[in-house]
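**Q** One structure, pasted below without further comment.
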Amino acid sequence: MRAPGTSTRLWRLSMVLLAGASGLMLCGPASVAMAQQASEPADSFQLEEIVVTAQRRSESLQSVPVTVSAVTADMLESRNMRSNEDLNVSVPNLNIQRASGPVTPFLRGIGNNSTNPGQEQNVAIYVDGIYYASMSADVASFNNVERIEVLKGPQGTLFGRNTTGGLIQIVTKDPSREFSGKAGIGYGNYNTLRGNLYVTGAVTDTIAADLAMNGQKQNDGWGNNVVTGKKVHYRNDFNVRSKWLWDPSEVTRVTLSADYSFTQDDVGSGRQILRDLPALPATFNNYAFNGNIYDVSGDASEPDKTKTGGISLNARHDFDAFSIVNIAAFRKLVRNSVLDLENTPAPRSRADGYDETTETFSNEFQVLSPVGAPVSWIAGVYYFWADARADPIQIWNIGLGPALYQRIDDSLKTNSYSAFAQATFPIFGDRTKLTTGVRYTRDNKSITGTINTALATIATADQSTHWGKATWRASLDHKLTDNVMAYASFSTGFKSGVYNATSPTQAPVNPEKIQAYEVGLKSDLLDRRLRLNGAGYFYQYDDIQVSKFTGLGISQQNAASAEIKGLEVEIDAYLLENLRLNGGASIQKSEFTEFPGAVSFVRGANGLGVQTTIDATGNSLPRAPDMTMNLGFEYTHDLAGGSELSFNGAFYHNDGFFWDADNRLKQPSYNLINASIAWTSPDGNTRVRLWGANLGNKEYYTYVSSGNGNPDAGSPGAPRTYGITLDYSF
């Protein structure tokens, strides 16, 4: 029997959502209350309220007319989630992969796999409201996290940089005046050591501070380089963060934050040619796949080394009629990498020093309505500056003839100015609210640089341009009952245009634009023991920025247009007082409605890529699976003497996706299973946890590349990993 197609799955899930919404509206408050009363046990247990800042102020997740997936600190720990790329297992329709080191998030089918200096994400990363501009900065491990919010759909109104796909906001803990802390150590397979430390307390009567550190040392890789004998596919990192909170009065609050991270890994950059290729030509040493996706055979594979850090100041003062907030931040990133471009033992083609230095400064000034005002509003201005430099990119390629060597030095500068405002008005009584917001952004961008060979300077770049765009949002939400809200929204967004750092003389790609329609339902049922949220969406997506690795650099072009439609459901429930279930599912259909002239690399008879152009109209968008699903549970059991045993499990299914717009190479569907068992002491201070990830040892890829004159190659996701951790709180 054939599996149902995407259209059938969309129809089925839409019927579930509509039936649920209709049933809730027909029941009404009285019927729901009766159901809650009838099922209420003697000892009540409820889902906690989750507070998010999706609209730049603290609000309940269930009252925000935006699709937000929230991941708590407990979920991060129990599911062994250490960095952004682990979020897939907990967020429907989020598909985070790796590309030459940095992570590349795709949300609802929208993302970009270019990792060039100056390239910004379609799904932006924020930490405590601070924008992380460089894609290379997104690999830092989670440190001292309170929660993570994933906002879906274009963010064209409230947040600093306009995006088409959404954003991931990481919120870290604030320091406390009460002295406390937590320390932990761990050991895992592949001879992996982990450690973390958090300390917080009062410095003076008005100042509290904290210090958070964590790190990992992986002494063995998942595989080996069969040419050099070195280990491959490993990660070492160290992260430190500190916050200083000054409360000189009840109406003034100032937070100074600083952080530093060092990461050394080759996940995404260490690659093996794909298993179905024929034996390659003699110029590639007749190399063939060696049977192990975790090994590599390049003659120049080295781990990426990334150093990133920054400092920020967040100041707030509350007046009677309004509040003001100013957030200023400076960040710097330095990344060094070596890439074997053809991924074989032949000393033929490599990027020997693909180096990036990015410095950014941002300042945001906000004016907000007071808490509890009948009309909630916010207005502000935002400035962003960036200098992203190739320092340098050095490419060796025997195929270039006399020009065996190219050195690209360039600098991409951004000056961006924007003003924004949003307000929420009650209409037709307190149960119905209208939200409207608008933002105007002007981006000034330039690129200067040179391309040199060993013989001469062959190109000089000195270009500049600007783009301006107004984006806006409107939503209407209505409380069907005290615990059930329905909403509908229309929003627009754009992603700024960009120059190509690997080819600085090329004209820039233009900004991409999106129009998004969404309806959703948020509900807390059964005396808040069941939380069921769902959303349906339709995107009209134009001038899409499509990037493709060519073998020597990144090809960037604008596709004409695409459509994306889909449905999502998230559930969180107490099945028993000591058994909690949560999960989500998404199904979607993405399609280029017009894309002539798409760059493609067809595979020749000798297994090497041949560059051509195709009409990709009708193809699926890259890295946009038709279906994803995640399901997790937590079961706790009290032991004699007051200690506790807890069991956690998480299942993730990805239906598979195409790696590029030409739809030639596909990642098949795969499943991941994670689990942990933890013992907690009677006083709650000591915890021992056994954990495992990818327990089924499923083979899958986090990045697949093709290029002109090179074979198709891929970098694998992690195999089965497991370990033990010991944490002590004080």
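**Q** Using only alpha-carbon positions, what ratio does the radius of gyration of region 153-287 give when scaled by 2.2 N^0.38 Å?
**A** With N residues counted in region 153-287, Rg over 2.2 N^0.38 Å equals 1.61.
**Q** Please compute, over every Cα-Cα pair in the chain, the percentage with a separation greater than 32 angstrom.
**A** Summing the P(r) of the chain above 32 Å gives 54 percent of all pairs.
**Q** While we're on this one: Region 216-281: Rg/Rh from Cα coordinates, Kirkwood Rh?
**A** Values: Rg = 22.2 Å, Rh = 16.2 Å.
Checking Rg against Rh, the ratio lands at 1.37.
**Q** Considering only Asn685, Ile50, Gly584, whose Cα is most displaced toward the positive end of the charge dipole of region 6-729, charges sitting on Cβ of Lys, Arg (+1) and Asp, Glu (-1)?
**A** Gly584
**Q** Moving to a separate point now. Could you work out how far the C-alpha centroid of region 236-267 sits from that of region 401-437, in angstrom?
**A** Region 236-267 and region 401-437 have Cα centres spaced 24 Å from each other.
**Q** Additional query: Among Ser78, Phe284, Gly649, which residue has its Cα positioned farthest towards the positive end of the charge dipole of the chain, with +1 placed on the Cβ of Lys and Arg, -1 on the Cβ of Asp and Glu, and the dipole taken about the Cα centre?
**A** Result: Phe284, furthest along the dipole toward the positive end.
**Q** Gap in Å between the Cα centre of region 101-178 and the Cα centre of region 45-96?
**A** Going from one Cα centre to the other spans 13 Å.
**Q** Would you grab the residues whose amide H sits under 5 Å from the one on Asp304? Only those 5+ places off in sequence or on another chain, please, with H modelled 1.01 Å from N.
**A** Under 5 Å from the amide H of Asp304 lie the amide H atoms of Asp265, Asp266, each far enough along the sequence or on another chain.
**Q** What length, rounded to one decimal in nm, is gained on full extension from Ala605 through to Ser729, with 0.36 nm per residue of separation minus their alpha-carbon distance?
**A** 38.5 nm
**Q** Within the chain, what's the longest run with no GluC sites (Glu not before Pro) in a DSSP loop and at most 10 other beta-carbon atoms within 10 Å? Give the range, please. Display every interim value, and only then the final one.
**A** Details: sites that count: Glu48, Glu178, Glu250.
Longest gap between qualifying sites, sites excluded: 251-730.
**Q** Then there's this: Treat every Asp and Glu Cβ in the chain as -1 and every Lys and Arg Cβ as +1, leave all other atoms uncharged, and give the resulting dipole magnitude about the Cα centre to the nearest 20 debye.
**A** Taking the Cα centre of the chain as origin, the dipole is about 920 debye.
**Q** Of Thr435, Tyr190, Ile408, which is farthest towards the positive pole of the chain's charge dipole, taken about the Cα centre with +1 and -1 on the beta-carbons of Lys, Arg and Asp, Glu respectively?
**A** Selected residue: Ile408.
**Q** What Rg and what Dmax come out for region 41-157 when only alpha-carbon atoms are used, in angstroms?
**A** Radius of gyration, then largest Cα-Cα span, for region 41-157: 15.4, 59 Å.
**Q** Hey, another quick one. May I ask for the angle, rounded to the nearest 10°, between helix 6-39 and the longest principal axis of the chain, with both axes built from Cα atoms and the value confined to 0 to 90°?
**A** It works out to around 20 degrees.
Every number here is computed from the coordinates shown, using simple stated rules; none is lab data. It should be emphasised that the depicted structure is a prediction, and the values quoted were computed from it without experimental measurement. So basically every Cβ, Gly included, is an ideal-geometry build from the backbone, and we count neighbours across all protein chains shown.
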